[in-house]
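The values are calculated or read from the model by the stated rules, or taken from the named source; none is laboratory data. Bear in mind that the values here come from a model prediction, so they are computed numbers and not experimental data. Heads up, the Cβs are rebuilt from the backbone with ideal geometry, glycines too, and the neighbour counts pull from every protein chain shown. With ligands, DNA and RNA removed, areas are computed over all heavy atoms of the protein, side chains included. Shrake-Rupley method; radii C 1.70, N 1.55, O 1.52, S 1.80 Å.
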Amino acid sequence: MFNLILFGPPGSGKGTQSEKLISKYHLKHLSTGDLLRSEISNKTQLGLEAKRYMDKGSLVPDAVVIGMINDALDNNHDADGFLFDGFPRTAVQAEELDRLLSQKKTCIDVMLALKVSEEELVKRLIKRGETSGRSDDTNEQIIRARIEEYHKKTATVADHYQKENKVVMVKGEGGVDEIFDRLSKEIDRLKKLHNC
Ligand code: ADP
């Protein structure tokens, strides 16, 4: 198995790069943002609860997203590996992910962290809001709140994996294919090491 976390603030390009990476490396894409939006559009109880947080730009409670990831891991036990996108976003989520993966006799091989300046992030998110239909992308105040949540609660998740020397920083500015090449180069190098 090869399991990777694609990490970075909102607007850093995780979604775009994930699509390309899962097809190149045959990974199962687990995006908590996508899973939550699908719960919302199906009007489930979980979706209704999550929406209250997402509309404010706050994080959804840990127990909710951990439950979703647990189900997704159970439903995909034949996968060659997972690409986690938007998860883990808190220290508690990171610890729980490690525990769930170790139960399955595997682990996180690498966290690839996309680095993008704050002004570029806001610019990208506002632009995405023009076409994505995502209400959390159209209001600059909500965008700033999400970036603040990232600094307050999520940035520390990198420290968790840094302790195990699993973090690789990648420049997230430039063309989509250029960034994809940078990420691919790291994955090709790391796949040979068989960490997990
Ligand atoms: P972005 O990274 O661009 O903000 P996402 O689609 O990853 O977009 O997330 C959208 C929203 O979904 C977040 O602002 C948050 O409210 C919620 N969310 C997604 N993943 C998580 C998570 N792992 N923990 C808590 N909340 C989450």
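Here are the numbers for the structure shown:
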item: Checklist (1) modelled with pLDDT under 95; (2) open to solvent by 30 Å² or more (accessible area, probe 1.4 Å); (3) under 13 Å from residue 33 (Cβ atoms) applied to residue 133, failing item; result: (3)
item: Residue that is within 20 Å of residue 32 (Cα to Cα) and acidic (Asp, Glu), where the choices are 188, 109, 159; result: 109
item: Selected residue (only one of 63, 79, 94 is closer than 30 Å to residue 189 by Cβ and within 12 Å of the ligand (Cβ to nearest atom)); result: 94
item: Unique match (being more than 9 Å from the ligand (Cβ to nearest atom), within 16 Å of the chain's Cα centre (by Cα) and open to solvent by 60 Å² or more (accessible area, probe 1.4 Å)) among 115, 153, 104; result: 115
item: Unmet requirement for residue 85, which otherwise passes all of (1) over 16 Å from residue 134 (Cα atoms); (2) more than 17 Å from the chain's Cα centre (by Cα); result: (2)
item: Filter result for the condition that a residue is exposed (fewer than 15 other Cβ atoms within 10 Å of the Cβ) and closer than 24 Å to residue 119 by Cα, over 74, 55, 85; result: 55
item: From the options 12, 23, residue that is under 29 Å from residue 187 (Cα atoms) and either open to solvent by 40 Å² or more (accessible area, probe 1.4 Å) or part of a helix (DSSP H, G or I) (or both); result: 23
item: The range 59-71, residues that are farther than 26 Å from residue 2 by Cβ and either touching a strand residue (DSSP E or B) at 6+ places or on another chain (Cβ under 6 Å) or open to solvent by less than 40 Å² (accessible area, probe 1.4 Å) (or both); result: 59, 60, 64
item: Matching option when the condition is of a type in the set (D, E, K, R) and modelled with pLDDT of 95 or more, among 119, 149; result: 149
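Here is a yes/no grid of residues against (1) within 13 Å of the ligand (Cβ to nearest atom); (2) open to solvent by 70 Å² or more (accessible area, probe 1.4 Å):
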| position | (1), (2) |
| --- | --- |
| 140 | no, yes |
| 161 | no, no |
| 166 | no, no |
| 172 | yes, no |
| 180 | no, no |
| 185 | no, yes |
| 196 | no, no |
